[in-house]
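Trainee: Dumping the structure here so I can ask a few things about it.
Read-outs: derived from the displayed coordinates by stated rules, not from any lab. What you see is a predicted model; the values in this text were computed from it and never measured. Glycine gets a Cβ as well: all are built from the backbone with ideal geometry, and neighbour counts include every protein chain shown.
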Amino acid sequence: MPGGNIHNGDELGPVIAYAISLVQNIHAHLLTKYKSFPSPEDIFSPKDRRIIIALLDLLVLEGIYPCLTPGVGVPLERRAKVIIHPPPKTLSGGIRNRDRLQDINVLTDVILALSGLQDGRGEAAELLKDRYLVDLVAGYGELAFNPAQDNGLTRDEKSTWGARWESLIEG
């Protein structure tokens with residue numbers, strides 16, 4: 001399973017890692033199934049599209065947004081589809097203990113997985129461009145430009161994320 005950094009003490013970690021794995025497997029399957037442009041009978045069913053959207057929503061809402069510095073990204077209540085998202089909770093019901101280094105590791109894994117999908121073609125790539133591009137920009141920006149010293153990223157890593165952010169913005 002991808003997301004080796006995700007499992008360190010967070011109860012949602014295995015869920016996020018499994019969602020990454022599912023999205024990557026579905027995307028790879030569809031790319032091999034439709035080597036050329038899909039014919040009309042090959043196009044996703046609405047059920048398949050809803051599954052991919054649900055997995056991408058999970059990754060964005062649990063893998064990107066909780067890891068962003070307050071004020072970074074579009075507020076969840078202002079998104080096109082109103083999603084009211086309570087503060088992250090543990091399975092026991094308490095507020096999740098947020099470790100900044102853990103957040104950076106989770107954010108890095110999720111952004112890398114989603115950017116790998118975005119670089120290709122297919123339904124998942126189109127959904128990322130249509131629905132989640134602003135979330136990717138926020139995640140890249142967090143990794144590239146957050147001035148905090150406790151995020152565990154070196155200057156070189158931040159400059160690499162900055163270059164990726166610029167390439168994403170330039171399209």
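Trainee: Provide Arg50, Arg100, Arg78 in ascending order of the number of other Cβ atoms located within 10 Å of each residue's Cβ, fewest first.
Mentor: The most exposed by this proxy come first: Arg78, Arg50, Arg100.
Trainee: Provide the FRET efficiency to the nearest 0.05 for the Val137-Leu61 pair, computing r from the beta carbons and using R0 = 22 Å. Mind showing how you got there, number by number?
Mentor: Numbers: r = 16 Å, r/R0 = 0.73.
Efficiency, from the Cβ-Cβ distance: 0.85.
Trainee: For Lys47, Lys158, what's the fewest-to-most ordering of other Cβ within 10 Å of each Cβ?
Mentor: Lys47, Lys158
Trainee: Rg to Rh ratio, segment 131-171, alpha-carbon atoms and Kirkwood radius?
Mentor: Rounded to two decimals, Rg/Rh equals 1.00.
Trainee: Based on other C-beta atoms within 10 Å, arrange Thr108, Thr154, Thr69 from fewest to most. Please report the intermediate quantities before stating the final value.
Mentor: Working: Thr108 21, Thr154 8, Thr69 16.
The most exposed by this proxy come first: Thr154, Thr69, Thr108.
Trainee: Another question, if that's okay. Given labels modelled 7 Å from the Cα in the Cβ direction, how far is it in nm from Lys158 to Asp99?
Mentor: Label at Lys158, label at Asp99, 2.3 nm between them.
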